[in-house]
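Enquirer: Have a look at the structure that comes next, please.
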Amino acid sequence: MMMETDDECVVPPCHVPGCRLTVDVVIKTSDAKYFGAHLQNLQNHADGFPPASFGKRKRMNHMDIEEDSEVTSLMLDFMHKQPQPDLRDVPVGRLVDFAEAAEKYLIYSAMGTCRLVMGTQAWALPLTALAYAIKHEYPEVADRAAPHSIGMDWKDVHKELGPTGAVLWGQYRESFLALFRNRGFRSVQFHPDGQAPVCQEILDIQLSTLSFLFGAPEDIVDEYWVGLEMAKVSVHNVCFTCREGWRKWLQELADEAKALPKFSTLL
Ligand SMILES: [Zn+2]
Ligand SMILES: [Zn+2]
């Protein structure tokens, strides 16, 4: 049942299906939607809603928040005793907003889940995930996000990570660049000295792989990509020695990339 509180707001029911708790606070979101909520839940499941943050409108507690209705709906879901939403279904761009809200209001049950899912989804939005990881000190999320960010534009890095984060990122990326410089951009030569001239096609394969890596360096730590690059050699006219040599060369490059210092060692 709706109850009048003031001119602009009626008390909306709780949005959680079947919830029988009394609505004693109205939350207004940034997109001007109203949610009915329960003070007791806000105080039991989070530490970021101090009683002083609520205003009174007539007899009802009232709070304006900066989050939109989608994020607010998730926040309130996590503050009910019920099976919680599967965050893997939330698009990663929205997940970040929710993860930030969970940190801001200290919704502990959501913070842990967000941290896990941000780690597994980090590849999809690496700079945003890295910014979240640096800000809230989640090294394992940083380490999952960082390799996917090394091909990004400095301007975007600076915008997302700020000056301090961008310097750390520059240090991190430098180790990849040094690896490619020292190890990658050297022509491969698999034939033993003095024997038949090197199979020409292996040089073409190397050139195409390295050109690709230059644009998407993060692929060197992606086992699936490395496997595909290795398989490429079998459709080319190269001898057994070059084929095996190429696979070994690429595997060593991938292993060295994986062994580079993790982003978290800079934090
Ligand atoms: Zn409820
Ligand atoms: Zn050969």
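The values are calculated or read from the model by the stated rules, or taken from the named source; none is laboratory data. Note that the coordinates shown come from a computational prediction; the quantities given were computed from them, not determined experimentally. Ideal geometry is used to build each Cβ from the backbone, glycine not excepted, and the neighbour counts take in all protein chains shown.
Enquirer: Can you find, within the range 137-174, the residue that is farthest from LEU207 (Cα to Cα) among those that are surrounded by fewer than 17 Cβ atoms within 10 Å (Cβ to Cβ) and touching a residue at least 40 places away in the same chain (Cβ under 8 Å)?
Expert: Among residues in the range 137-174 that are surrounded by fewer than 17 Cβ atoms within 10 Å (Cβ to Cβ) and touching a residue at least 40 places away in the same chain (Cβ under 8 Å), the one farthest from LEU207 (Cα to Cα) is GLU137.
Enquirer: Quick one: is LEU250 within 27 Å of HIS191 (Cα to Cα) and away from ligand 1 (no atom under 16 Å from the Cβ)?
Expert: Answer is yes for this residue.
Enquirer: Do the conditions hold for PHE54, that is, is it away from ligand 1 (no atom under 14 Å from the Cβ), out of contact with any Cys (no Cβ under 8 Å at 6 or more places or on another chain) and under 20 Å from SER109 (Cα atoms)?
Expert: Taking the combined requirement at face value, the residue does not satisfy it.
Enquirer: Return the residues of the range 70-109 that are at positive phi and among the basic types (Lys, Arg); say none if nothing qualifies.
Expert: Once the filter is applied, which keeps residues that are at positive phi and among the basic types (Lys, Arg), the range 70-109 yields nothing.
Enquirer: Any residue that is part of a helix (DSSP H, G or I), at pLDDT 85 or above and more than 28 Å from GLU174 (Cα to Cα) - is there at least one of those in the range 243-252?
Expert: Looking through the range 243-252, at least one residue is part of a helix (DSSP H, G or I), at pLDDT 85 or above and more than 28 Å from GLU174 (Cα to Cα).
Enquirer: Any chance you could count how many residues in the range 73-109 are away from ligand 1 (no atom under 16 Å from the Cβ), among the small types (Gly, Ala, Ser) and out of contact with any strand residue (DSSP E or B) (no Cβ under 8 Å at 6 or more places or on another chain)?
Expert: 3
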